[in-house]
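Visitor: Here's a structure for you.
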Amino acid sequence: MRIEPEVAQTSDDPAGLGVDRRLAEVVQRFDGPLRERVSILLHAAADAIAKLTELNDLVRFAADEEQGGHTLALWEDLAPVVGSTVEFVNEVIAGASAQFPSAAEADEEDDLDAAFGPSADAPAAEDEPRTPEEEIASLVAAVCSGMRSDVTRLGDRLRNPTVMSDPWMLIQDLLEFRGRVRAALGELIFQVCTLVMEVDRETVVPGYVSELSNSLLVRQATTNLAFLFRGHARRVAAASEDRIVTVLQDALKDVHAFSRTRALPQLRTSDKRIFLETRATLYRLAKVQPPPALEIRQAVENLARFLDSLSVVSRRESLRLHDRAQLARAGRHLEAAQFNLGTPEVARGELADAVKAAAALYGRDQQLDAYIRSQRHFPGEWLNDPELTVEISRLRTILAAVAAP
């Protein structure tokens with residue numbers, strides 16, 4: 001692959017242009033002999049991330065056709081995407097390796113999950129620290145080795161008759177592969193940048209802000225639907241046979257509302273499949289006469305459990321980093337609120353800021369979620385002065401119980 005030192009902007013939006021400028025600033029921090037090679041590497045990786053953006057339209061559906069209103073892209077659509085993806089990733093590997101060849105390929109990591117763990121080729125004890133060039137070469141070797149292994153793994157999956165006969169599995173494997181490569185290249189960019197200056201991922205990794213925003217949207221929207229659907233499931237379970245369809249139709253109103261949001265296309269392919277197929281089943285059962293009460297109750301309960309399971313979205317690395325920062329921010333505001341209790345207006349403002357920081361964690365913990373929902377009705381800014389101490393202590397206790405990200 002021929003990688004130009006100056007590539008096209010990674011994005012036309014302000015965030016993308018900001019990333020380009022920040023990367024250019026980072027490049028200037030490297031010594032002259034290394035600067036051009038680092039520029040080629042970073043801009044090529046950034047360009048690759050932009051080109052490997054997930055193809056959500058491989059699953060096509062309409063919110064007004066829930067009775068089965070989704071179709072999958074055919075193999076004729078997928079074949080060129082798979083071929084171009086593998087070819088492009090191989091070119092990225094070749095280009096990066098050419099800029100920073102490794103002298104210890106035998107010790108490279110086998111997959112992208114291990115690529116940023118402790119370096120396998122680092123001596124147990126070393127008097128002299130490695131040069132920036134050696135550090136970059138080690139990072140490039142680990143990432144490229146992981147991408148090679150993932151290319152091989154994808155090829156093995158595509159030769160599996162089970163995968164090839166199931167378009168859902170094919171789409172899932174393709175999108176997960178592209179996502180893993182994007183994540184690895186993003187981490188490579190971040191780690192290279194930190195060699196010369198302190199940076200945040202959102203300022204140097206293309207698409208990081210958008211990915212985090214989408215992950216937050218998925219967590220918040222699925223948490224809302226799970227909360228509502230738990231109530232629907234209880235009502236369906238208790239409904240008589242002559243009322244069960246009416247209760248089911250009430251539940252489907254919330255399913256429809258969720259289907260209209262941007263959260264649905266952002267679900268993982270496997271989760272999207274379960275949701276869409278269950279949605280179609282519920283619409284079908286709502287039309288059967290006489291109502292199959294047992295099937296309806298089972299389908300609703302299954303969907304309720306599935307929605308609860310979507311809380312695992314918090315394991316996404318971008319959300320883990322985000323949550324850690326928000327917990328720390330909320331803690332700082334609570335400390336400031338406690339310190340300023342003698343000035344109620346200041347304490348109230350700090351408490352409100354702590355609640356705002358905690359609200360960004362919505363979907364992370366059920367107890368915290370309940371607290372955040374209660375704040376929508378009676379926010380902390382409305383509290384009487386004597387209640388501030390109690391509320392600060394209450395929120396501190398809730399946040400302390402949130403699992404460490």
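The values are calculated or read from the model by the stated rules, or taken from the named source; none is laboratory data. Just so it is clear, the structure is predicted and the values come from calculations on it, not from any experiment. When we count neighbours, we look across all protein chains shown, and the Cβ atoms used for this are built from the backbone with ideal geometry, even at glycine.
Visitor: Starting from residues that are part of a helix (DSSP H, G or I) and of a type in the set (Ser, Thr, Tyr), keep the ones in region 347-387 and report whichever is surrounded by the most Cβ atoms within 10 Å (Cβ to Cβ).
Guide: Quick first cut of region 347-387, residues part of a helix (DSSP H, G or I) only: 347-359, 366-377, 380-382, 385-387.
Now drop any that are not of a type in the set (Ser, Thr, Tyr), which leaves 371, 374.
Numbers: Tyr371: 18, Ser374: 10.
Out of the qualifying residues, it is Tyr371.
Visitor: Shifting gears a bit: Pairs, please: C-beta under 7 Å, at least 6 apart or cross-chain, first residue among the hydroxyl-bearing types (Ser, Thr, Tyr) and assigned to a loop (DSSP other than H, G, I, E, B) and in region 257-283, second modelled with pLDDT of 95 or more and crowded, with 19+ Cβ neighbours inside 10 Å?
Guide: Pairs found: Thr261/Ala221.
For every residue, the table says whether it meets (1) in contact with a Leu (Cβ under 8 Å, 6 or more places away or on another chain); (2) in the same structural domain as Gly231 (by TED's automatic domain parsing).
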position: Arg243; (1), (2): no, yes
position: Leu264; (1), (2): no, yes
position: Leu276; (1), (2): no, yes
position: Thr281; (1), (2): no, yes
position: Leu285; (1), (2): yes, yes
position: Arg324; (1), (2): no, no
position: Ala330; (1), (2): yes, no
position: Phe339; (1), (2): no, no
position: Thr343; (1), (2): no, no
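Visitor: Do we have Ser240 as among the hydroxyl-bearing types (Ser, Thr, Tyr) and in contact with a helix residue (DSSP H, G or I) (Cβ under 6 Å, 6 or more places away or on another chain) here? I'd like the intermediate steps shown before the answer.
Guide: Details: among the hydroxyl-bearing types (Ser, Thr, Tyr): yes; in contact with a helix residue (DSSP H, G or I) (Cβ under 6 Å, 6 or more places away or on another chain): no.
The answer is no for Ser240.
Visitor: Only one of these is surrounded by fewer than 16 Cβ atoms within 10 Å (Cβ to Cβ) and either modelled with pLDDT of 95 or more or more than 19 Å from the chain's Cα centre (by Cα) (or both): Leu252, Leu294. Name it. Steps first, please.
Guide: Details: Leu252 fails: surrounded by fewer than 16 Cβ atoms within 10 Å (Cβ to Cβ).
One residue alone meets the criteria, Leu294.
Visitor: Pairs only if they're at least six apart or on different chains, beta carbon under 8 angstrom, first in region 358-375 and without any contact (Cβ under 8 Å) to a residue 40 or more places away in the chain, second among the polar types (S, T, N, Q); list them, first residue then second.
Guide: Ala359/Gln375
Visitor: I'd like to check something: does region 276-288 contain any residue that is closer than 20 Å to Asp242 by Cβ and acidic (Asp, Glu)?
Guide: no
Visitor: Restricting attention to region 166-208, report how many residues are among the β-branched types (Val, Ile, Thr), surrounded by 20 or more Cβ atoms within 10 Å (Cβ to Cβ) and within 27 Å of Phe30 (Cβ to Cβ). I'd like the intermediate steps shown before the answer.
Guide: Restricting attention to region 166-208, the residues satisfying the condition of being among the β-branched types (Val, Ile, Thr) are 171, 181, 189, 192, 194, 196, 199, 203-205.
Restricting the remaining residues to those that are surrounded by 20 or more Cβ atoms within 10 Å (Cβ to Cβ) gives 171, 181, 189, 192, 204-205.
Those left that are additionally within 27 Å of Phe30 (Cβ to Cβ): 181, 189, 192, 204-205.
Qualifying residue count for the region: 5.
Visitor: In region 298-353, what residues are small (Gly, Ala, Ser) and closer than 30 Å to Glu202 by Cα?
Guide: Step one: of region 298-353, the residues small (Gly, Ala, Ser) are 299, 304, 309, 311, 314, 318, 325, 328, 330-331, 336-337, 342, 347, 349, 352.
Residues satisfying the conditions are Ser309, Ser311, Ser314, Ser318, Ala325, Ala328, Ala330, Gly331, Ala336, Ala337, Gly349, Ala352.
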